[in-house]
């Protein structure tokens, strides 16, 4: 059992995985640990900064989502306050992958936002970032709606995403940011 | 007025707002989950300072990392300085970034484009 987990992670180049509730302290711990790992691996300073920035946005995105998610006691096997956080390292790229439950009725809005970001080239992302920064009201949680754009800008690559249907109420949303090591 | 000194943490920057010696600096990391809560103290301080500002005011920012929720708070902060400048005060902002850090340079350019106040980008 343990060996199969190990082999699976190794074959998929996963260097970190966490499943459970996401607290601010947990985010701090993961960032601290990954920063040490990036330093220890002697990763290029520029790449290290990009990976760190993308990790901050991805992890805090999940944290804010779960913090605002309605709790659903008695909802059987789904605990929508838990998430999956994974970090992968391949020869050419780092991956930051997050997964969490979302209500089905929020899929369209989120998908539109992701598609909009993915359609933008570098200059369009810059313009969109400035426009939202300048006009967007800060939400109560302080997530300025800039997270996805920032991840796309800093990673320089399209955002990968998936909505996996779970039941009538929920889907499992995964977001994958890739940062080139070159 | 009272100075505002905040020691750095792994998620929040070092803040020195000392009107007595004319030093206004924010440096380090700004990646808190609750950016609004953190920056409120600073914004309030600037409101108070703006009532009796020094003859010249240079705010220096030297950030290693900041998250997107901080980015909006920083713009709010810059807007207050912009307002002070528009009121006839000598106000400037210096945005220092690591010479290797293209993203931090670019974010500085984003702010410069949005603001009508002296905003200097300095590579260090």
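Structural remarks
- Across chain B, Cα pairs under 8 Å and at least six residues apart give a relative contact order of 21 percent.
- Computed over chain A, the per-residue total of -39500 (n - 2.57) for DSSP H runs of n ≥ 4 gives a 222 nm mean residue ellipticity of -15500 deg cm²/dmol, rounded to 500.
- Stokes-Einstein diffusion coefficient of region B:1-74, Kirkwood radius over Cα pairs, 25 °C, 0.890 mPa s, in µm²/s: 195 µm²/s
- Each DSSP beta bridge with both residues in the protein assembly as shown is either parallel or antiparallel, and the antiparallel ones are about 65%.
- Cα-only radius of gyration and Dmax that characterise region A:2-180, units Å: 16.6, 52
- Across all Cα atoms of the protein assembly as shown, the radius of gyration (one decimal) and Dmax (whole number) stand at 20.6, 71 Å.
- Fewest-first ordering of A:150, B:116 by other beta carbons within 10 Å of each residue's beta carbon gives B:116, A:150.
- Neighbour counts of other Cβ atoms within 10 Å put A:124, A:43 in the fewest-to-most order A:124, A:43.
- Sorting B:107, B:57 by the number of Cβ atoms found within 10 Å of their own Cβ, with the fewest placed first, yields B:57, B:107.
- Secondary-structure-derived ellipticity at 222 nm for chain B, considering helices only, amounts to -13000 deg cm²/dmol, per-run term -39500 (n - 2.57) for DSSP H runs with n ≥ 4.
- Per residue convex hull volume, Cα atoms of region B:4-123, in Å³: 92 Å³
- Remark: spin-label model distance residue B:9-residue B:90 equals 3.8 nm, labels positioned 7 Å along the Cα→Cβ axis.
- Share antiparallel - DSSP beta bridges, chain B, percent rounded to 5: 30 percent
Bear in mind these aren't lab numbers, they're just calculated from the coordinates by the rules spelled out. Keep in mind that this is a model prediction, so the values were computed, not measured. Virtual Cβ from ideal backbone geometry, glycine too; neighbours counted across all protein chains shown.
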